[in-house]
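Novice: Quick one: the structure is below, questions incoming.
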Amino acid sequence: MPMNVDVITQREPAWDAYVMGHSEATCYHQYGWKEVIEKSFGHEACFLAARKKSGAICGILPLVKMQSALFGRHLVSVPFCNYGGVLCDDRTVERRLINEAEGLRERFGCKDVELRHLDKCLKGMATKSHKVTMVLPLAEDEAAQWKVLDAKVRNQIRKAEKSRLKVITGHSELLDPFYRVFCRNMRDLGTPVYGKEFFRNVLDTFPDTTRIVSVLLDGTTVASGIMIRFKDTVEVPWASSIKEYRNLCPNNLLYWEAIRISIKRRALRFDFGRSTPGEGTYRFKKQWGAEPVPLYWQYLMEEGTPLPQLNPSNPKYRALIRIWQLLPLHLANYMGPKIVRGIP
């Protein structure tokens, strides 16, 4: 089939129309993420569109070129997000987009191309499959959903409700308290934090499908998360709580409110985000009734090159994580955005 592959440099309705009409599309295939990442981190985004002879789009591949003195050069689909990768009509289009991505890798001198596929594994590519995302099918009403919960979760929600915790929802007006909690949590985890502008750009770019849920104790935000809706799925990609208040179970109240909102808005699935099977976050999500969906992070790179290991479980980063956890919060907040922009 004759086709061309173009690098899309400005928003066009056909891109998002293709995304909205494709059964395998994720939130992060939307064109708005190009604008978010370029504004927030200054990276060059190369969003590839395959077109039929008629000009109609038959496949897309959003790529972002990342360059860092610490972590090297990479092309990623999509960095700072859970999902991405190739979205196309058939294997012929898939192969053409993969070839174009390999050409960009060579042209830019990148170590690899990383494609973050959700429940889809392309043949013939180096693959990491150690992560899953946890997805909860939503019931028709709140009462039915309550019955699905593990008894421990129900008790923790009740405890939170009896502990003077209050839940509020909103949008950009809740960004500052969300960010204060997020920064503190990331420092405690030993992870560099995103700049606040990243979250502001997400909220501004997707105003109709984003929402902040916060849990307060006596007026102070102790847990907060950002919800994103795409089609019939709601996701909470960023959520944090202050560890000194975790005995009051604010996280449980936050997620229950997010689930209740999702049900009211007739969503069919609630995506808790990615986890490593068997670890603490996996077990937390599992007790809500969520089931694992495999993630395949696939790579284009020189033959014989080892798979990249830019993750906290890599032993070479453990000492750095311990040091980061000891930093004063203001210093971690200052340095974090400068470092994290280079980590896919």
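Nothing in this text is a laboratory measurement; each read-out follows from the coordinates by a stated rule. Everything numeric in this text was worked out from a predicted model, so none of it was measured. Ideal geometry is used to build each Cβ from the backbone, glycine not excepted, and the neighbour counts take in all protein chains shown.
Novice: With +1 assigned to the C-beta of every Lys and Arg and -1 to the C-beta of every Asp and Glu, and no other charges, what is the dipole magnitude of the chain about the Cα centre in debye, to the nearest 20?
Specialist: 940
Novice: Separation of the stretch 191-264 and the stretch 70-103 by C-alpha centroid, Å?
Specialist: If we compute the Cα centre of each part, the gap is 29 Å.
Novice: Positive end of the dipole of the stretch 88-219, charges at C-beta (+1 Lys, Arg; -1 Asp, Glu), about the Cα centre: which of Ala139, Val181, Ile168 has its Cα farthest in that direction?
Specialist: Most positive-ward Cα: Val181.
Novice: May I pose another question? By how many nm would the segment from Leu329 to Lys264 grow when fully extended, if each residue of separation counts as 0.36 nm and the alpha-carbon distance is taken off? Don't skip to the answer; put the middle values down first.
Specialist: On the way: separation 65, 0.36 × 65 = 23.40 nm, distance 3.78 nm.
Taking 0.36 nm per residue and subtracting the Cα distance, the gain is 19.6 nm.
Novice: Compute the acute angle (0 to 90°) between the alpha-carbon long axis of helix 175-189 and the principal axis of greatest extent of the alpha-carbon atoms of the chain; round to the nearest 10°.
Specialist: 80
Novice: Okay, moving on. Karplus couplings for the stretch 258-273 from phi (6.51 cos²θ - 1.76 cosθ + 1.60, θ = phi - 60°), rounded to Hz, Gly and Pro as x?
Specialist: 4, 5, 4, 4, 4, 5, 4, 8, 6, 6, 9, 9, 10, 9, 7, x
Novice: What residue among Gly109, Val234, Asn99 has its Cα farthest toward the positive end of the dipole of the chain, where the charges are +1 on Lys, Arg and -1 on Asp, Glu, each on the Cβ?
Specialist: So the residue furthest toward the plus end is Val234.
Novice: Return the sequence-ordered ³J(HN,Hα) values of the stretch 112-129 in whole Hz as given by the Karplus equation 6.51 cos²θ - 1.76 cosθ + 1.60 applied to θ = phi - 60°, using x for Gly and Pro.
Specialist: 6, 10, 10, 10, 9, 9, 9, 6, 8, 10, 6, 6, x, 10, 4, 9, 10, 10
Novice: What FRET efficiency would be calculated for the residue pair Gln67, Glu161, taking the C-beta separation as r and a Förster radius of 41 Å, to the nearest 0.05?
Specialist: Values: r = 48 Å, r/R0 = 1.17.
Efficiency, rounded to the nearest 0.05: 0.30.
Novice: Right, another one. Can you give the helix-only mean residue ellipticity at 222 nm for the chain, where every DSSP H stretch with n ≥ 4 adds -39500 (n - 2.57) and the sum goes over all residues, rounded to the nearest 500 deg cm²/dmol?
Specialist: Values: 11 runs with 122 residues, N = 344.
It comes out at -11000 deg cm²/dmol, rounded to the nearest 500.
Novice: Tell me the Rg and the Dmax, in Å, that the Cα atoms of the chain produce.
Specialist: So, for the chain, Rg and Dmax equal 20.4, 64 Å respectively.
Novice: In addition: Please give the contour-minus-distance gain from Lys152 to Thr209: 0.36 nm per residue of separation, less the Cα-Cα distance, rounded to one decimal in nm.
Specialist: Working: separation 57, 0.36 × 57 = 20.52 nm, distance 3.09 nm.
Full extension from Lys152 to Thr209 adds 17.4 nm.
Novice: Still on this model: Report the label-to-label distance for Asp176 and Thr92 in nanometres (one decimal), using points 7 Å from each Cα along the Cα→Cβ vector.
Specialist: 5.7
Novice: Rank-order 279-287, 206-214 by packing density, defined as the average count of other C-beta atoms within 10 Å over each peptide's residues, highest first.
Specialist: On the way: 279-287: 15.0, 206-214: 17.2.
So the order, starting with the most tightly packed, is 206-214, 279-287.
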